[in-house]
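Working notes, structure below.
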Amino acid sequence: MSARYDCADTQQRDEGLIAAASAVQEGQLVVLPTDTVYGLGADAFNPKAVTDLLAAKGRGRNMPPPVLVGSVRAAAALTESLGAFGQDLIDEFWPGPLTLVFRASPTLMWDLGDTLGTVAVRMPLHPIALDLLRRTGPMAVSSANRHSLPAATTADEAQTQLGDAISVYLDGGPCADNVPSTILDLTGTVPRLLRAGALSVDDLRKVVPVIDLPAASGAEPELSPADRRAAAAIAAANAANAADAANDGKPDDPADNPEPGD
């Protein structure tokens, strides 16, 4: 039987946070409000809890959940490196609706699914979420809905979809918006946009001048002219690099082939 707490009431909020933290530590699932949509959360370091989270959503291991953290220090501990842009993006947009994908620290003892050695991390701008995360540590958190159904923006919507699979529901009222976080992949040389969301590409370019954008398709939002120019520039640079690599060791001009030791 699920327990639900109205966090608009101070006493219920405190009781709910205690109950939710205890549930997470015991390997159970909780629903919590965030600054984007309601989240379905579990202890990121409990493989069974993460498996239960994916099962509750109707997802497989090929769709691993991101990890929410309550501090920048916690995020840094999960990653191999923040890379060239990670710290600047964190300083500008965290807490907030930006999920960053990093190479995961090889020392972590966890199983989020088929992550291919990466981890998607976010610090949400919501007082209830942050309070819970500071009690539990990093949590695997995905949107609180069954796979292919709309993300829940109220505790009622989450409970209708997930039911008694959840131990504790923290009701923080309706979400201010139903737009998910923007996802930016920092595992390569050039940051790559994986999902358009609450932060626009123009927002991101204040910190990262060049962003690799997805190819336009019916499933993706239409790109702005500036985005298209950036994508074309990246494609041209990639083509030039490929041509240079193909010519390595095969110079057309003898002058390009110096003697050993030159």
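Listed here are the residues, each with its yes/no results for (1) in contact (Cβ under 8 Å) with a residue 12 or more places away in the chain; (2) more than 17 Å from ARG135 (Cα to Cα); (3) in contact with a helix residue (DSSP H, G or I) (Cβ under 8 Å, 6 or more places away or on another chain); (4) not β-branched (Val, Ile, Thr).
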| site | (1), (2), (3), (4) |
| --- | --- |
| GLN11 | no, yes, no, yes |
| ALA19 | yes, no, no, yes |
| LEU40 | yes, no, yes, yes |
| ALA44 | yes, no, yes, yes |
| LEU54 | yes, yes, no, yes |
| ARG59 | yes, yes, no, yes |
| ARG73 | no, no, no, yes |
| SER81 | yes, yes, no, yes |
Query raised in the report: Looking at this structure, is THR99 of a type in the set (S, T, N, Q), at pLDDT 95 or above and crowded, with 21+ Cβ neighbours inside 10 Å?
Result: yes
Report summary line: Per the filter on segment 119-169, residues surrounded by fewer than 19 Cβ atoms within 10 Å (Cβ to Cβ) and not in a helix (DSSP H, G or I) are LEU125, GLY137, ARG146, HIS147, SER148, LEU149, PRO150, THR154
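Yes or no, residue by residue, for (1) at pLDDT below 95; (2) not charged (D, E, K, R):
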{"site": "GLU92", "(1), (2)": "no, no"}
{"site": "ALA104", "(1), (2)": "no, yes"}
{"site": "LEU108", "(1), (2)": "yes, yes"}
{"site": "THR115", "(1), (2)": "yes, yes"}
{"site": "ASP131", "(1), (2)": "no, no"}
Query raised in the report: Does LEU112 qualify as being in contact (Cβ under 8 Å) with a residue 40 or more places away in the chain, assigned by TED's automatic domain parsing to the domain that holds LEU17 and part of a helix (DSSP H, G or I)?
Result: no
Query raised in the report: In segment 81-123, which residues are small (Gly, Ala, Ser), in contact with a Lys or Arg (Cβ under 9 Å, 6 or more places away or on another chain) and under 14 Å from ILE183 (Cβ atoms)?
Result: GLY96
Report summary line: Those residues of segment 50-90 which are farther than 18 Å from SER142 by Cα, more than 16 Å from the chain's Cα centre (by Cα) and either assigned to a helix (DSSP H, G or I) or not assigned by TED's automatic domain parsing to the domain that holds PRO124 (or both) amount to ARG73, ASP88
Query raised in the report: What residue, among those in segment 1-56 that are surrounded by fewer than 19 Cβ atoms within 10 Å (Cβ to Cβ) and among the basic types (Lys, Arg), is nearest to ALA151 (Cα to Cα)?
Result: ARG4
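The values are calculated or read from the model by the stated rules, or taken from the named source; none is laboratory data. If you're wondering where the values come from, they're calculated on a predicted model, not measured in any experiment. Don't worry about glycine lacking a Cβ; one is built from the backbone with ideal geometry, like all the others, and counts go over all protein chains shown.
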